[in-house]
1. Looking only at region B:30-41, filter to residues that are more than 7 Å from every other protein chain (Cβ to nearest Cβ), in a helix (DSSP H, G or I) and out of contact with any helix residue (DSSP H, G or I) (no Cβ under 6 Å at 6 or more places or on another chain); which one of those is modelled with the highest pLDDT?
2. Please state which of the following conditions A:Phe81 fails to meet, knowing it meets all the rest: (1) within 20 Å of the chain's Cα centre (by Cα); (2) on the phi > 0 side of the Ramachandran plot; (3) away from chain B (no Cβ under 14 Å).
3. What are the residue pairs meeting all of these: first residue in region A:132-157, first residue not assigned by TED's automatic domain parsing to the domain that holds A:His168, second residue part of a helix (DSSP H, G or I), Cβ atoms under 6 Å, and 6 or more apart or on different chains?
4. Among the residues of region A:69-83, what is the count of those that are of a type in the set (Lys, Arg) and more than 21 Å from B:Leu99 (Cα to Cα)?
5. Between A:Gly180, A:Gly150, which is under 30 Å from A:Ile16 (Cα atoms) and either modelled with pLDDT under 90 or away from chain B (no Cβ under 12 Å) (or both)?
6. Among the residues of region A:99-129, which ones are of a type in the set (D, E, K, R) and more than 23 Å from A:Leu204 (Cα to Cα)?
7. Consider B:Ser87 against the criteria (1) within 13 Å of chain A (Cβ to nearest Cβ); (2) closer than 18 Å to B:Ala291 by Cα; (3) not aliphatic (A, V, I, L, M): it satisfies all of them except one. Which criterion is unmet?
Amino acid sequence: MAESEISSQAEPGWAIEIEKLNKTFAIPFRRERLHAVRDLTLQVGKGQVYGLLGPNGSGKSTAMKVILGLLKPDTGRTAIFGQDSSKVESREQVGFLPENPYFYRFLTGLETLNFYGKLCSIKGKALTDRCWELLKLVDLEGAAHRRLGGYSKGMLQRIGLAQALIQHPRLLVLDEPTAGVDPAGARDIKDLIMRLKEEGITILLCSHLLAQVQEICDRIGILHRGELVREGRLEDLIGIENQTELILEGASPEVLKELRAFLEARGVRALRESKPQTTLENYFLEVTGEEGQS
Amino acid sequence: MSEAPRTEALPHAFFSWNRLWAIATNTLTELVRLRVFYFLLIFALLLIVGSLFWSKVTFQQQLQTLKDISLGAMTIFSTLLAMLATSMMLPKDMEDRTLYTILAKPVPRFEYLMGKLTGILLLLGLAILAMSLVFGVTLGVRYFQVAQQLQGELGGATSELMQPSVEALRAEVFDPDLLIAIGLLYLKAAIFAAITLFLSTISSSWIFTVMMAAIVYLIGHFQGEAREYLMLTSDGSWLTQGFLGVVVILFPDLQLFNLVDDIVVGAGLPLSLAWKTIALGVFYFFIYTAASYLAFSSKEY
């Protein structure tokens, strides 16, 4: 299909459009092909945080690479803000952080951002200002002149996020952004994603960390063996329609007793009664003192 | 987050020298910081150690040997540098996933590839320039030593008698053909870089690329003789000629660029031959670069 056809079909609200995408790979010395993505159709609205979930080999990365123009689809179409995503110019609006990136280890953090900025045709003072702005954003100002070879995993992820943001993209594609990062680093990255979401940047997130996805994403799609098996708003998908959660503070045993009696009298069954727990992440951060620093 | 003014989105340029230059200088920086220039120490050491064994030969032989060893070493080092530096470029970028981050930016694939190749050409240029400087200084020092020795041996002779010997020495040292030899040496390294780049776009590992490049290097140096032998012994059928044509296209005759031997002995290099060799070299370079682009543009990562 020509680019103009895609543009004409694009709705103004979509940041990403995938339409009947199929992608297969040849298997060496065998006739059949591996079907990595099968008839995938989905849309991501502007300003949404979309979680693409699935087990290993479910086709998440393949779909993402097709969106970024790194792979060519066998059939189907992908568009970014209405532009055919196989065209180089569509990438003006996209920032990408791959899984476990290493970048150029011989470059410093500042040089890395300078390099990616130049690739996006940013020059001179605008580039210098942008680099320092991003280094501040990802809290790497102090490591700006250190080579990436000496960066920790979390620092690499943060500089990766900074390079993805260098040209003020409207869409961020993040592949396992917190993979291998310690809880404090993961929290920093998650907070950063939340800030970007508040700024209205559309985010496509691939992750195995379901708790994190649940916290960040507005909408999710679950891929299994290359097929989209579930898709929709998170609260619609995981909310239990006929149940209500009520968390009380300062309720004495007497009040609770009265409340139970009141509910029973009205035919409401209390399924569970327990003390709410903090998350293990919060507890860990509290113990290690990271909570106070962040 | 963003307090600084938002950079205005420029209309996408189909081709940008700035982007290409950014990739080229980044490639050069990478290779320089990987300390590939340490080989220059070996080169300098080779010339110094070699010169210790030249005292028993004639003055002219000393200078010829110096030129022979220097240009030979420059050829080997520049070819090795072209092969090793080029073969690891693409696989390393893939392994570190930097390739994804670059191609996910508005960078056309041919700009990425050309940027990488330009970086290698810059590296080869700097390496050959540095080796030429070491060679030039060694040759100059040797010239003055030899000239002084000559003066000592012909101490009683008049300046008219000494003049031809000094002139011969000077012609040996300040031979403009040496610059052509160095230029051809660079061209040969550039062709080899383009061949290695092509091989790296069709292979999946740098070891395979290095092995294939070494094979092409060997075939490239022997194919001229093999071709002549086949032409003499075969019936000249279309099958033989077709086979030879394919071999010539696939494997450049690298022996054609070895004009160094003639230059070392001072046999003048005809200008027409130099130009023909340069034209052929440029042709090969563009053919392999174009083939690299064709392979890379359709490659999936």
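1. My answer is B:Val32.
2. A:Phe81 satisfies all of (1) within 20 Å of the chain's Cα centre (by Cα); (2) on the phi > 0 side of the Ramachandran plot; (3) away from chain B (no Cβ under 14 Å) except (3).
3. Final answer for the pair search is none.
4. 1
5. On the way: A:Gly150 fails: under 30 Å from A:Ile16 (Cα atoms).
A:Gly180 is the lone residue from the list that is under 30 Å from A:Ile16 (Cα atoms) and either modelled with pLDDT under 90 or away from chain B (no Cβ under 12 Å) (or both).
6. The first filter runs over region A:99-129 and keeps only residues of a type in the set (D, E, K, R), leaving A:99, A:105, A:111, A:118, A:123, A:125, A:129.
Result: A:Arg105, A:Glu111, A:Lys118, A:Lys123, A:Lys125, A:Asp129.
7. Going through (1) within 13 Å of chain A (Cβ to nearest Cβ); (2) closer than 18 Å to B:Ala291 by Cα; (3) not aliphatic (A, V, I, L, M) one by one, B:Ser87 breaks only (1).
Condition check ((1) hydrophobic (A, V, I, L, M, F, W, C); (2) away from every other protein chain (no Cβ under 11 Å)) across all residues:
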site: B:Thr101; (1), (2): no, no
site: B:Leu117; (1), (2): yes, yes
site: B:Leu129; (1), (2): yes, yes
site: B:Thr138; (1), (2): no, yes
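The values are calculated or read from the model by the stated rules, or taken from the named source; none is laboratory data. These figures come from a predicted structure and were not determined experimentally. Neighbour counts run over all protein chains shown; Cβ positions are idealised from the backbone, glycine included.
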